Every structure is written in C-alpha cells, then in structure tokens.
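Novice: Right, I'll just put the structure down here and ask away after.
The values are calculated or read from the model by the stated rules, or taken from the named source; none is laboratory data. Just so we're clear, the structure is a prediction, and the values are computed from it rather than from any experiment. Methodologically, a virtual Cβ is constructed for each residue, glycine included, from the backbone with ideal geometry; neighbour enumeration extends over all protein chains shown. Accessible surface areas use protein heavy atoms only, side chains included; no ligands, DNA or RNA. Shrake-Rupley method; radii C 1.70, N 1.55, O 1.52, S 1.80 Å.
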Amino acid sequence: MTERPQRGGGKPQGGKGFQKRDRTGAPPGRDRAQQRPPRRPRRTPLDPARQAAFDVLRAVSERDAYANLVLPAMLSERGIHGRDAAFATELAYGSCRTLGLLDAVIAAAAGRPTDQIDPVLLDLLRLGTYQLLRTNVAEHAAVSTTVEQAGIEFDSVRAGFVNGVLRKISGRDEASWVAELAPSATSDPVGHLAFVHAHPRWIAQTFTDALGADAGELDAALAADDARPGVHLAARPGVLTAVDLAAEVDGTVGRYSPYAVYLAGGDPGRLAAVRDGKALVQDEGSQLVAQALTLAAVDGEDAGRWLDLCSGPGGKTALIAAIAAQRGASVTAVEPAARRADLVEQNTRGLPVEVLRVDGRESGLQPGSFDRVLVDAPCTGLGALRRRPEARWRRTPGDVPVLAKLQRELLAAAIALTRPGGVVLYATCSPHLAETVGVVSDALRRHPVTALDTRPLFAPAEQLGDGPHVQLWPHRHGTDAMFAAALRKSQ
C-alpha cells in the first residue's frame, strides 16, 4: 500500500510530504502503464455513403461548393455505386434542400441558435436529423452513426452533445416539430407553407406573386419544388427520334417536347446515346424554350442567321443548332466565361455553331443582322431549385436587382442585334416578377418591339398563364419553372 500524507502535517517517508516517484511520475510499486491517460474509446467511422454525404455538406458549408457538382465526382472517385450511391445522394441533396427546417429543429432541440454550434458538429447534426425526420433509416442507426463520427471528429463530450440533441429530435416526428416551430397558418399562411416545404419565406412569396390569381396552388408548387426532379433527355433532331431513344434507354416519351424522354433512373452519363452525342441531359422545359425560338413566325424571309446571346453551357444551343441544321440555318453562340464557352463547343461539336467568347452586351456583332435571337438570361435560378439543392439558402433578395439590371441590358442588346421583323425570345429559369414580366415590360416601353402570344409556341402544354408570355411550373408540367416571352422587332 502506498503511503498518504498525514493529516496533522507530519511527513511520510520520502521526506517532502509526498512519496517518491520515478522519472515518469509514477509512485513506487505502481505499474507505469496504469498512469497513462485513458485511451479514447474506439469509434466506428461513417459508412462510405454517409461519409460522402457528410463530405458534401462540409464542402457546401466551407467552400460554397455546389452539391450537384461535388457529389457525382465524389461517388465516382470513391467507387460508390448502386444503392449506396442512391443513399448518399438522398442524404446529401435532401439535407441541403431542407437546411432551414433542419436548423430550426436542431436549434429547438439543442436550446441554442445554430450559429453557436461548431460548424462541423452542425453538419453532422443536419445529417442525423434528416435521417430521423425524412427517411426510413432506423432511429438507432441514424443516431449511433452520427454520434460515433462526432467522437472521431472531436471527443466524447461533443459526441454526448450530439447524442442528446438527436435523442430529443427522435422523440417526435416531423409533423410534430413543424406544428411547434412553423409560423401560424392563419396569420402567416405563406410563411407556414414556406417552413413546411423547407423554403425561405421570400422565395415562397416570390412564387405566390408569380402565381397571381392561382396563388392557392402555392402548397403544390412548393411541394413539387421540394421533390427530387426526374431526369429528362433530349433526342438530337435529325439523329435520333424520341421514340427510338426511349426504347434504347428504357425510358418514356415526354409529354410536351417532341424530343423529350423521361429516364426511370440511373446515371444518364453512362448511356451510350449521351456519350455519343445523340442525346442530351436536358429538362423538358428547356427543350420547349429552345424549340419555341425556332417556331416563332418572323416577318419576311428567314435568312438562317440565328443567335444565342447567353449560350453557356450549351444545352439549348445544341438543340437549336440541330434544328437549324435541318433548315439550312446556322447559330452564333455568345459566352464570355471561358469554361462555359468550352462546354458550348463540346455540346455543339459537329453542328453549325460559331462560338464567340465575348460579353453579349458588347458583342461587336453587326446590329440588325439576326433573324432569331435567344436571350436565356443569367438569373437567380429560383425556378430550378430542385436541381440545385443548396441554392434556396444561398440566394438572397439582394441578388434580384443586380441580375434584373443585367437582364435588361442583355435584352436591349439582343433587340439591337435583331433585324426588323425578326424575333427575340427572352427566357429565365426564374418566376420572379422582377426578372420576368418586369424585364419584358421595360423592353416594350423602351425598344421597338411588340409582344407575341408565346403560348402556342409551347403547345401541347397547357395552363401556361394568362399570356402573352409563358410560365411553366414543376407542379403543373413536371419541368423547371421556366419563363419565356417572344418579342417581334418592328419594321
């Protein structure tokens, strides 16, 4: 037995009030190994699918990365396929889409705002909370895997914090949390639906304004916007029909575009038709926009000079150019960003396209020389949030005025480049009124153009709005919320 200091102040053996220790600090007679700090418990790291999803969340949080660009490359690099890839995709994209809802629940369960939680722990909590509220993953699996990773990233104290928060969250389902945390459906119906469908309120209000008299469809619009979109292919005109493409890829012919095929699942990049350039991955709404430019009636002869003023990355350009090739026309494609211009060249290889790497507002092209001009303008992308999971939480109302100014300038340049009697098709993948009818109304006031009824150019699609422009919606058409307006330049 080792000696202890005497309570009365006497000295034990050793002469200085404490027993002698060797150079390691261990008292005599005690195994040195017993003095080592206790080992951290062995932790089980995340499985490959969850690890990929977690790494995507970290990339989005730390580097403002785009989930739909990071994840596919990561899955390929790590050899994650099949069900594991599908699980990783659901966790990564789902967590990004529902970020606001997840954070509200986490803050309530943790008893503190999320900005007071370490960012790495917060992303782990988001991953665990999404599994608890929006998947069929067993509760114990969602909690234990997240807690284990917290222990690996930090320590047992932080792992305990994660465990406590997730245990509290798991005690109730999503509906119960929503009932507690969402704004009142009576006093703030827009805010309530925004919370339920994991959208910032300002975006829900944007949809409400764009729906106008049909604002009662907001619930359906937000629900469709919160769902994962299907994969649409476009068969290249003159090379492959939609019927043949559907048979080749085991897909379904689209409802509206004569080139559209709906893919049941899988990686479209692995399809031979896509690799060989016979088909493109392209939302059916984008196909309809490209086709509309080629269908609009021009006054006088169409000399076959067509222009895509905002062409990157080249999906619409490729479809327009394939139609142009059948009609003896050619396309000039303008794209100032080098990487996007490279993509335009890749997507239009073998087609009658000339790519100019210039700013569309100062292109140097001859004014009044084009029969048809597409302005697929840079925008907030609020109509394509389904495809960019984190975008709804990254965009702000302050982005709109800057983009609207650019859109007005690009449309003005397009009108100047169009010949008298020619047609300009203005399009955005946003339903925000400031980016759509606001820009078009400004052009009608300032420039020598008249509005055409754009709706017949999108037939057989229906429920396109009151006209003369077109507004597509995910809940009505299964497409991105594309806006389009056709304008004819006065003679």
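Novice: Could you name every one of the strands (runs of 3 or more DSSP E) located completely within the range 408-491 that has at least 1 residues being closer than 28 Å to TRP202 by Cβ and open to solvent by less than 50 Å² (accessible area, probe 1.4 Å)?
Specialist: 418-428, 483-489
Novice: So, one more: Among the residues of the range 84-108, write down those that are open to solvent by 10 Å² or more (accessible area, probe 1.4 Å) and farther than 19 Å from ARG387 by Cα.
Specialist: Scanning the range 84-108 gives ASP84, ASP103, ALA104, ALA107, ALA108.
Novice: Are there any pairs with C-beta distances below 9 angstrom linking a residue in the range 267-285 that is at positive phi to a residue that is open to solvent by 40 Å² or more (accessible area, probe 1.4 Å), with the two at least 6 apart or on different chains, and if so which?
Specialist: From residues that are at positive phi, the pairs are GLY277/VAL239; GLY277/ASN347; GLY277/ARG349; GLY277/GLY350.
Novice: On to the next question. Suppose the filter is touching a residue at least 60 places away in the same chain (Cβ under 8 Å) and in contact with an Asp or Glu (Cβ under 9 Å, 6 or more places away or on another chain); does SER257 pass it?
Specialist: no
Novice: Give the residues of the range 191-238 that are small (Gly, Ala, Ser), under 30 Å from PRO352 (Cα atoms) and under 21 Å from the mean Cα position of the chain (by Cα), sorted by residue number.
Specialist: ALA234
Novice: For the range 194-218, which positions are in contact with a Ser or Thr (Cβ under 9 Å, 6 or more places away or on another chain) and open to solvent by 40 Å² or more (accessible area, probe 1.4 Å)?
Specialist: Selection gives TRP202 alone.
Novice: Can you tell me how many residues within the range 281-315 are within 20 Å of LEU385 (Cα to Cα) and open to solvent by 30 Å² or more (accessible area, probe 1.4 Å)?
Specialist: Final tally of qualifying residues: 2.
Novice: Still on this structure: Looking only at residues that are touching a Lys or Arg at 6+ places or on another chain (Cβ under 8 Å) and among the polar types (S, T, N, Q) in the range 71-107, which one is farthest from LEU181 (Cα to Cα)?
Specialist: Across the range 71-107, the extreme among qualifying residues is SER95.
Novice: So for the range 398-405 (the condition being free of Cβ contacts under 8 Å to residues at least 40 places away in the same chain and under 24 Å from ASP214 (Cα atoms)), does at least one residue qualify?
Specialist: Yes, there is a match, as at least one residue in the range 398-405 is free of Cβ contacts under 8 Å to residues at least 40 places away in the same chain and under 24 Å from ASP214 (Cα atoms).
Novice: So, one more: List, please: which pairs have Cβ atoms under 9 Å, are six or more places apart or on different chains, and start with a residue in the range 362-382 that is among the basic types (Lys, Arg) and end with one that is open to solvent by 20 Å² or more (accessible area, probe 1.4 Å)?
Specialist: So the pair list comes out as ARG372/VAL298; ARG372/ASP302; ARG372/ARG305.
Novice: Can you give me the number of residues within the range 217-243 that are modelled with pLDDT of 95 or more and assigned to a helix (DSSP H, G or I)?
Specialist: Matching residues across the range 217-243 total 10.
Novice: OK, next. I'd like the full set of residues that are open to solvent by 60 Å² or more (accessible area, probe 1.4 Å), over 23 Å from PRO420 (Cβ atoms) and of a type in the set (Lys, Arg), limited to the range 349-406.
Specialist: Matches in the range 349-406: ARG349, ARG357, ARG387, ARG388, ARG394, ARG395, LYS405.
Novice: Shifting gears a bit: So is SER76 at pLDDT 60 or above, polar (S, T, N, Q) and in contact with a helix residue (DSSP H, G or I) (Cβ under 8 Å, 6 or more places away or on another chain) or not?
Specialist: No.
Novice: Let me ask something additional. Output the residues belonging to the range 153-163 that are of a type in the set (Val, Ile, Thr) and either exposed (fewer than 14 other Cβ atoms within 10 Å of the Cβ) or at pLDDT below 95 (or both).
Specialist: Answer for the range 153-163, where residues must be of a type in the set (Val, Ile, Thr) and either exposed (fewer than 14 other Cβ atoms within 10 Å of the Cβ) or at pLDDT below 95 (or both): just VAL157.
Novice: Also: Tell me which of these GLN346 doesn't satisfy, since it passes every other one: (1) in contact (Cβ under 8 Å) with a residue 40 or more places away in the chain; (2) open to solvent by 50 Å² or more (accessible area, probe 1.4 Å); (3) of a type outside the set (Val, Ile, Thr).
Specialist: (1)
Novice: A further question on this structure: On the basis of being open to solvent by 40 Å² or more (accessible area, probe 1.4 Å) and assigned to a helix (DSSP H, G or I), does ILE169 make the cut?
Specialist: Here the answer is no, as ILE169 does not meet what is asked.
Novice: Out of everything in the range 245-269 that is under 21 Å from GLY350 (Cα atoms) and open to solvent by 10 Å² or more (accessible area, probe 1.4 Å), what residue ends up being modelled with the highest pLDDT?
Specialist: My answer is TYR259.
Novice: For the range 119-145: of the residues being more than 25 Å from the chain's Cα centre (by Cα) and not aliphatic (A, V, I, L, M), which is surrounded by the most Cβ atoms within 10 Å (Cβ to Cβ)?
Specialist: THR145
Novice: Name every residue in the range 244-266 that is of a type in the set (Asp, Glu) and in a helix (DSSP H, G or I), in order of residue number.
Specialist: ASP244, GLU248
Novice: Sort through ALA324, ALA318, ALA341 and tell me the only one that's under 28 Å from the mean Cα position of the chain (by Cα), more than 19 Å from MET482 (Cβ to Cβ) and open to solvent by less than 60 Å² (accessible area, probe 1.4 Å).
Specialist: None of the other options fit; the residue is ALA341.
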